[in-house]
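Structure, as structure tokens:
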Amino acid sequence: MDTTFLSWPFFDDAHRALARDLDAWAAAELAPLDHERGPLDESCRALVAKLGDAGWLRVAAPAEYGGARERLDVRSLCLARETLARHSGLADFAFAMQGLGSGPISLFGSEALKRRYLPDVVAGRAVAAFALSEAGAGSDVAAMRTEARRDGAGGYVIDGEKSWISNAGLADHYVVFCRFREGGEKSFAAFVVDADAPGLRVTERVDVTAPHPLGTVSFDGCRVGAGALIGEPGRGLRVALGTLDVFRSTVAAASLGFARRALDEAVAHVRQRHAFGQPLAAFQLTQARIAEMATAVDASALLVYRAAWTRDAGAPRVTREAAMAKLFATEAAQRVVDDAVQLFGGRGVVVGETVERLYREVRSLRIYEGTSEIQKLVIAGQVLGAAEEREKVQ
């Protein structure tokens, strides 16, 4: 694998060591695991525990709560997801949800919430989940119908249903986003809800192309204490968008990992596969396709790590940069993986081939945490808004 990108000025020596050491660990510890064929929930929980025991989940929380750095380091999160995705899509999923499912707590939670939940997430003792999407409110987050109201005991009652929730039925806690009409029509709130809370039920499990725990979670008079609130009542949408602003770059990084693996597989294949008396790599059409794949990978990496570095350097928001990274990297990864399948010919669609697995794994990344179409709207809004601001100061 080409690791020359690690010499880019986006990274420090600790980042380079993380990428090198995690790659070596994953090659030794993940490759022998046949987790795609075992019971899914057991495999995911085992992966979370394995990642926690080895210390890799430490990058998903601040140092004060068992993490690796003083605050969340987006470059570390991206490097971890890229590296794990090259080795195992399910391991990347397990890692990613520990970060996303605890991210609102790390970024916006009270001291009590951080101390209660983050150490177990980092250690791999607890599985986290992020419950935002609904059947009628996927990309349109503001259309959610799940609602929270104050109860007489100083806490809150949640009613509604969340769909497409990763780790549904497996998680030990869910970060749940709700309408909060007491604060106004456009008011929202975010809560940490333990999986065993009365009134919380997993009502459906959903099978998807690249298997991982996914399902529907319902809330029927589900009561939580006042301390379960993340941030301020009425500011839940800020919690959701602020968390996605950080973690959206990591989705792009995972797609980059899939693309790198596809490129590596394709290069190895065309060098050893012969046709018409010569290696496939000797044909100009093959070389043109490899060139396009390699360029897409490098361009994706530049956008991913620009967004991550910008956030780590102190930018309060990286909405434009993260949206650009996710849009370009996920779309490019889809093309790169498809090109790899094409270069493999008939072998490319055989179940069990690495490129066939990548083909299934990469597709969802263009949808979750904001579809490609939504990213275009976000980017355009940022560009047009910046133009208006410049006009005001001229």
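Across region 1-110, the relative contact order, built from alpha-carbon pairs under 8 Å that are at least six residues apart, equals 29 percent. Would you please classify the overall shape of region 78-182 from the alpha carbon gyration tensor, given that a ≥ b ≥ c denote the square roots of the eigenvalues, rounded means a/c under 1.5, and beyond that prolate means a/b larger than b/c while oblate covers the rest? In terms of gyration-tensor shape, oblate. Of interest is the spacing of the C-alpha centroids, which for region 116-161 and region 165-220 amounts to 5 Å.
Amide H contacts of F188 (H built 1.01 Å from N, in plane; Pro and chain starts excluded): F180, G234, R235, G236, L237 sit under 5 Å, all sequence-distant by 5 or more or on other chains.
Consider the candidate values [x] 22.0, 76; [y] 21.4, 81; [z] 22.0, 67; state which one is Rg and Dmax of the Cα atoms in Å computed from the structure displayed. Step by step, Rg and Dmax of the Cα atoms in Å for this structure corresponds to label [y].
A straight Cα-to-Cα reach below 13 Å connects K114 with the aspartates and glutamates E64, residues fewer than 8 places away in its own chain not being considered. Under 12 Å from a label point set 7 Å out along the Cα-to-Cβ vector of Q342, the amide N atoms of region 282-318 belong to 285-293.
Principal-axis analysis of the Cα atoms of the chain puts helix 372-393 at an angle of about 70° to the longest axis.
Between D140 and A380, the distance separating the two model label sites (each 7 Å from Cα on the Cα→Cβ line) works out to 1.7 nm. Structure remark: mean-square fluctuation, Gaussian network model of the chain, C-alpha springs under 10 Å; the largest value among A307, A17, A46 belongs to A17.
Note on T371/D207: beta-carbon distance plugged into 1/(1 + (r/R0)^6) with R0 of 25 Å gives a FRET efficiency of 0.75. Ordered from highest to lowest accessible area with the whole protein assembly present and a 1.4 Å probe, T250, T371, T209, T203 read as T209, T203, T371, T250.
Here the Karplus curve 6.51 cos²θ - 1.76 cosθ + 1.60, taken at θ = phi - 60°, turns the phi angles of region 52-62 into couplings of x, 4, 7, x, 6, 6, 4, 6, 8, 8, x Hz, with x standing for Gly and Pro.
Over region 280-394, what is the relative contact order in whole percent, taking alpha-carbon pairs under 8 Å and six or more residues apart?
That works out to 25 percent.
Please report the net charge: other residues with Cβ closer than 9 Å to the Cβ of L6, K and R +1, D and E -1.
+2
Placing E389, E265 in order of accessible area, with the largest value first and a 1.4 Å probe, yields E389, E265.
Distance between the 7 Å Cα→Cβ label points at L6 and R71: 2.7 nm. Once each part is reduced to its C-alpha centroid, what is the distance from region 253-319 to region 329-394 in angstrom? If you average the Cα positions of each part, the centres end up 13 Å apart. Using Cα pairs under 8 angstrom and six or more residues apart, how large is the relative contact order of the chain, in percent? It rounds to 14 percent for the chain. Taking V202, V176 and ordering them by how much accessible surface each has at a 1.4 Å probe, largest first, produces V202, V176.
The values are calculated or read from the model by the stated rules, or taken from the named source; none is laboratory data. As the structure is a prediction and not an experimental result, all values here were calculated from the model. A quick note on method: Cβ atoms are made from the backbone with ideal geometry, for glycine too, and the neighbour counts reach across all protein chains shown. Each accessible area value is taken on the protein alone, full model and side chains, heavy atoms only, with ligands, DNA and RNA left out. Shrake-Rupley method; radii C 1.70, N 1.55, O 1.52, S 1.80 Å.
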